[in-house]
Amino acid sequence: MDLRKFGVRTLVTVVVGPFIILCAWKGQYLFFALMTSIVVLGMYEFYNLSVQKVAIPERFTGIATGIGICFLFFFNQMQNVWILIAASFFLLLVLELFRNKVAPILNVATTFMGVIYVAFFLGFLILIRELGDQVGLSYEIGGELVILVFLCIWICDSAAYILGAQFGRTKLFERVSPNKTVEGTLFGFGFAVLTAYVCYLTFLTEIGLVNALTIGAICGSVGQVSDLLESLFKRDAHVKDSSNLIPGHGGILDRFDSEILAAPVVYFYLYFIVF
């Protein structure tokens with residue numbers, strides 16, 4: 001373990017983490033602005049990765065669509081999100097006719113993937129935050145659920161990183177991420193579930209113990225799969241980090257990679273099973 005990098009990583013987490021928690025708790029336009037900023041920066045990083053594979057994504061249309069998705073999620077306009085995505089794809093196809101760039105199939109595919117992979121999936125955190133209004137419960141419960149997701153994923157990442165470095169012996173997926181181990185992954189999963197239990201005891205009794213532990217398990221399993229997926233993309237692009245925006249962490253995608261797949265799974269579990 002690189003102690004200097006770990007120290008910087010910890011310091012940034014101590015400073016930035018509470019701000020993210022505060023935004024999630026307050027909700028409204030503060031959390032919307034935070035998530036929209038994360039989506040925009042994440043899409044920019046993803047498009048930079050795709051450039052390494054010879055693609056020339058249509059950044060403006062892709063990012064504008066991502067902002068639109070966040071806006072519609074914030075106002076619970078899920079049905080209109082599908083219209084926006086379809087219209088965006090149609091526009092990308094037409095625009096590619098006039099761009100005169102190489103690899104048009106790759107250009108359209110990577111642009112559209114940035115919309116789905118980053119904006120659409122991360123946007124589910126906005127839906128979770130606004131879930132109270134959707135299901136007729138208090139507005140605060142959405143903030144508590146988002147905080148639960150963030151804490152489970154952050155603790156999972158930290159446990160897998162620290163304990164995996166100390167006790168890891170069995171490589172998990174060396175082709176994708178050589179440093180990840182089976183032991184670290186199991187520690188991460190266990191600590192995610194434990195974090196969910198602590199959250200249930202302290203501020204989230206409304207959803208019941210089983211549901212809280214299930215969300216912890218989702219974050220600890222799907223979140224780590226999502227982490228591996230982003231590692232696969234970075235390896236394909238021959239880069240170590242998606243950017244150097246966040247000291248000790250890398251880029252936005254490096255910091256929020258686990259939430260990308262975990263957020264929609266948690267949302268659908270909450271919407272169809274819990275509420």
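At-a-glance table
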read-out: For Glu45: the one exception among (1) part of a helix (DSSP H, G or I); (2) more than 19 Å from the chain's Cα centre (by Cα); (3) touching a residue at least 60 places away in the same chain (Cβ under 8 Å); value: (2)
read-out: Failed item, numbered, when Ile155 is tested on (1) out of contact with any Phe, Trp or Tyr (no Cβ under 9 Å at 6 or more places or on another chain); (2) in a helix (DSSP H, G or I); (3) of a type outside the set (Ser, Thr, Tyr); (4) farther than 25 Å from Ile69 by Cβ; value: (1)
read-out: Residue in the range 195-206 that is under 20 Å from Thr10 (Cα atoms) and free of Cβ contacts under 8 Å to residues at least 24 places away in the same chain present; value: no
read-out: Ile85 vs. criteria farther than 18 Å from Phe60 by Cα, in contact with a helix residue (DSSP H, G or I) (Cβ under 8 Å, 6 or more places away or on another chain), modelled with pLDDT of 95 or more and not polar (S, T, N, Q); value: no
read-out: Boolean, Phe189 is within 30 Å of Tyr271 (Cβ to Cβ), among the hydrophobic types (A, V, I, L, M, F, W, C), touching a residue at least 24 places away in the same chain (Cβ under 8 Å) and surrounded by fewer than 16 Cβ atoms within 10 Å (Cβ to Cβ); value: no
read-out: Some residue of the range 68-87 being surrounded by fewer than 16 Cβ atoms within 10 Å (Cβ to Cβ) and under 19 Å from Phe256 (Cβ atoms); value: no
read-out: Unique residue being within 30 Å of Val54 (Cβ to Cβ) and among the aliphatic types (A, V, I, L, M) when the list is Leu270, Leu204, Leu232, Leu209; value: Leu232
read-out: Residue in the range 72-79 that is under 19 Å from Gly143 (Cβ atoms) and at pLDDT below 95 present; value: yes
read-out: Extreme residue, surrounded by the fewest Cβ atoms within 10 Å (Cβ to Cβ), among residues of the range 133-142 that are at pLDDT below 95 and in a helix (DSSP H, G or I); value: Val135
read-out: Filter result (touching a residue at least 12 places away in the same chain (Cβ under 8 Å) and loosely packed, with under 15 Cβ neighbours inside 10 Å) within the range 209-224; value: Leu209
read-out: Failed condition for Lys234, given (1) within 30 Å of Glu144 (Cα to Cα); (2) of a type outside the set (A, V, I, L, M); (3) surrounded by 20 or more Cβ atoms within 10 Å (Cβ to Cβ); value: (1)
read-out: Qualifying position, being within 16 Å of Phe120 (Cβ to Cβ) and part of a loop (DSSP other than H, G, I, E, B), among Asn80, Asn76; value: Asn76
read-out: Of residues in the range 114-126 being touching a Gly at 6+ places or on another chain (Cβ under 9 Å), of a type outside the set (Phe, Trp, Tyr) and not in a loop (DSSP other than H, G, I, E, B), the one nearest to Tyr269 (Cα to Cα); value: Leu122
read-out: Residue match in the range 89-111 (condition: surrounded by 17 or more Cβ atoms within 10 Å (Cβ to Cβ), at pLDDT 95 or above, under 19 Å from the mean Cα position of the chain (by Cα) and in a helix (DSSP H, G or I)); value: yes
read-out: Residue ID - nearest to Leu194 (Cα to Cα), chosen from residues in the range 158-183 that are part of a helix (DSSP H, G or I) and among the aromatic types (Phe, Trp, Tyr); value: Tyr161
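To keep it simple, each residue is scored yes or no on (1) closer than 16 Å to Leu125 by Cβ; (2) at pLDDT 95 or above; (3) assigned to a helix (DSSP H, G or I); (4) hydrophobic (A, V, I, L, M, F, W, C).
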position: Val225; (1), (2), (3), (4): no, yes, yes, yes
position: Leu232; (1), (2), (3), (4): no, yes, yes, yes
position: Ala263; (1), (2), (3), (4): yes, yes, yes, yes
position: Tyr267; (1), (2), (3), (4): yes, yes, yes, no
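The values are calculated or read from the model by the stated rules, or taken from the named source; none is laboratory data. In this text the structure is predicted, and so the values were computed from the model without any measurement. Backbone-built Cβ (ideal geometry, glycine too); neighbour counts: all protein chains shown.
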